[in-house]
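Notes to accompany the following structure.
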Amino acid sequence: MTFDLTPEQDQLRDAVRALGRRYGHSYFVEKARAGEHTTELWAEAGRLGYLGVNIPTEYGGGGGGITELAIVCEELAAAGCPLLLLVVSPAIAATVLSRHGTEEQRKRHLPGLADGSQKIVFAITEPEAGSNFHRLGTVARRDGDGWLLNGRKCYISGVDEAGHVLVVARTEDSSTGKLKPALFLVPTDAPGLTRSKLDMEIVSPENQFLLYLDDVRVPADALLGESLDAGLPALFAGLNPERITVAAMGAGTGRYAIERASEYTATRKVWGGRSIGSHQGVSHPLAHAAVQVELARLMIQKAATLYDAGRDLEAGVSGNMAKYAAGEAAALAVDTAVQVLGGAGMTTEYGVATLLGAVRAGRIAPVSREMILNFVAQHVLGQDKSY
Ligand SMILES: Cc1cc2nc3c(=O)[nH]c(=O)nc-3n(C[C@H](O)[C@H](O)[C@H](O)COP(=O)(O)OP(=O)(O)OC[C@H]3O[C@@H](n4cnc5c(N)ncnc54)[C@H](O)[C@@H]3O)c2cc1C
């Protein structure tokens, strides 16, 4: 067993850290406040090969795994730039395409995802179904050669920045008559696809949308994979990368907050010559948060290692645990950082309260802490399912 990164992974970490620090949290916040996107950072990360680290080399990627992509997510977040679209486009969409897309779909989409010139976002959540994906109401019906899609999706991130949305719909299985999931690559400018921006209490340059699909007609090759049978495995293929990279983003955000707070408490003096960090009432909560973040990082490393070794089932357990741990640790770290900074913690200048909304959302999305606890109770502890 080793806890060391390979020399290449170390280099990647250092290089992404340097890139993230050149932009920093103030850039991220300025873009968010201006209603703009982190276009320059995304483009540069793409040019340097960081967005495609997990994409096979034959499609323009780096040929690495989720370990490498998690490094990118964590280091950009640790520099104050937690980019949710890294989770959506390179982690979910690129993995689903690499593993289950047709050769034509891989050739068409993966090079653009790898160099950052293209983004594909992911739409599964629906207003009525919520956490219960078995209740998905978006339906795809055959229409001549192609498909007709109807339904509604909510909280879909980055639709305004993407060329395509990977829409999860249900179809009728011609052999059993039962409904089964299928994924469709829908252009964001497809006739019948409309969106409205949701106002979220999160300081982020990335936006969430309600999506309406009204008789959206797509050709046969918009169906992801060779046949309808690809739907279910493709849907599952995205889950582990999603959980692991979102956890890495949380751990990076936690590190960022603890670093800001530690710098402050080590130098701020209000009682004689001692720093406020010398008071254990200040330093212990910070140290506690640092322990939680580090524990989450260990679980992320385990989950990514298992996933990259092809051990999907074990990675599922570790990935869920990593996501849970990192979500809690990030929320704790940011809240603690705000507290030990005192009034400065609530200013925009010190750049920690700006993350409160994001880390709070990290305990809900992309999978809530309760649904992870359900998963662990059922699959690790052998408890009956209550729902
Ligand atoms: C910032 C942000 C970005 C997002 N981006 C995307 C995206 O790009 N694409 C996408 O498809 N979705 C996206 N989502 C949606 C996200 O995945 C959902 O919000 C999440 O899965 C929870 O679903 P819900 O909001 O419908 O909550 P609900 O299912 O309504 O649940 C509400 C609460 O009840 C709890 N609960 C529900 N069922 C159970 C149960 N059986 N046992 C115990 N507790 C339960 C939940 O844990 C939650 O706390 C995003 C959400 C946010 C906040």
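Equivalent-ellipsoid semi-axes for the chain (Cα gyration tensor, √(5λ), whole Å, largest first): 37, 21, 21. In the structure shown, the pairs Lys119/Lys323; Lys153/Lys385; Lys178/Lys385; Lys31/Lys302; Lys31/Lys180 are assessed against 29 Å; a Cα-Cα span above that value is assigned to Lys31/Lys302; Lys31/Lys180. For region 69-86, backbone phi angles converted through the Karplus equation (6.51, -1.76, 1.60; θ = phi - 60°) give residue-by-residue couplings of 5, 5, 4, 4, 4, 5, 5, 5, 5, 5, 8, x, 10, x, 9, 4, 5, 5 Hz, Gly and Pro being listed as x. Between region 190-238 and region 325-386, what's the alpha-carbon centroid distance in Å? Here the two parts' Cα centres lie 26 Å apart. Sorting Val96, Val139 by accessible area puts them as Val139, Val96; the probe is 1.4 Å, largest comes first, and only protein heavy atoms count. For the chain, leaving out every one of the GluC sites (Glu not before Pro) that falls in a DSSP loop and has at most 12 other Cβ atoms within 10 Å, the longest unbroken run is 227-348. With the Kirkwood sum run over all distinct C-alpha pairs, region 268-311 has a hydrodynamic radius of 12.8 Å.
Within the chain, DSSP assigns beta bridges of which about 85% are antiparallel (rounded to the nearest 5). A simple count of charges around Gly130, restricted to other residues whose Cβ falls under 14 Å of its Cβ and scoring Lys, Arg +1 and Asp, Glu -1, yields 0.
In percent, what relative contact order does region 134-275 have, based on Cα pairs under 8 Å that are 6 or more apart in sequence? That works out to 23 percent. Relative contact order for the chain: 16 percent, from Cα pairs under 8 Å spaced at least 6 residues apart, divided by residue count. Sorted from greatest to least, the principal axis extents spanned by the alpha carbons of region 123-219 come out as 48, 28, 16 Å.
The values are calculated or read from the model by the stated rules, or taken from the named source; none is laboratory data. Just so we're clear, the structure is a prediction, and the values are computed from it rather than from any experiment. Using ideal geometry, Cβ is built from the backbone for each residue, glycine included, and neighbour counts are taken over all protein chains shown. The protein model used for the area step is the full one, side chains on, heavy atoms only, and it has no ligands, DNA or RNA in it. Shrake-Rupley method; radii C 1.70, N 1.55, O 1.52, S 1.80 Å.
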